[in-house]
Amino acid sequence: MLFAIAMLAAGAAEPVMRLSPKQVREEVRTVVQGQLAALRAGDFATAYGYAAAGLKARFDDQVFAAMIRRGYPLLLQAKEAELGVVHDRDGELAEVTVSVRDRQKHPVVYRYVLVHEPEGWRITAVTLEQRPARGDI
């Protein structure tokens, strides 16, 4: 029981993500869709422009392009993407899932994390949330 109380206290100290207001949802979706369109067009310079300052401090545009080619090739090939519900924490950090389909039409889900910077929302991380199914189990 003491463990449960400690976990509740720890969770209460960290702000939670909540359903974003309309303006935040629209801004976040615009940034993610913009980067996805740039990636589909092979325009890595524009896609890099949507990256957060912290990411740009770690990777230059050439490393960014190589990272996308090696780690996220499906984002370069996806003809369309479906964005999920946008959640944010105090208008500073936001998350949205992005579902794309691989060549076999299986859904692949990524989680985009964005931070709000002086020039607007910027992408700070993309993680693979759900891989496509690989045959019957």
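Based on the Kirkwood radius over alpha-carbon pairs, what value in µm²/s does the Stokes-Einstein equation return for the translational diffusion coefficient of region 15-130 at 10 °C and 1.306 mPa s?
111
Give me the extension gain from residue 127 to residue 61: residue separation times 0.36 nm, minus the current Cα-Cα distance, reported in nm with one decimal.
Once the chain is fully extended between residue 127 and residue 61, it gains 21.9 nm.
By count of other Cβ within 10 Å, fewest leading, how are 20, 99 ordered? Numbers along the way, then the final one.
Details: 20 21, 99 16.
Ranked by crowding around the Cβ, least crowded first: 99, 20.
Each value in this text was obtained by applying a stated rule to the coordinates, not by laboratory testing. Please read all numbers here as calculations on a predicted model, not as lab measurements. Ideal geometry is used to build each Cβ from the backbone, glycine not excepted, and the neighbour counts take in all protein chains shown.
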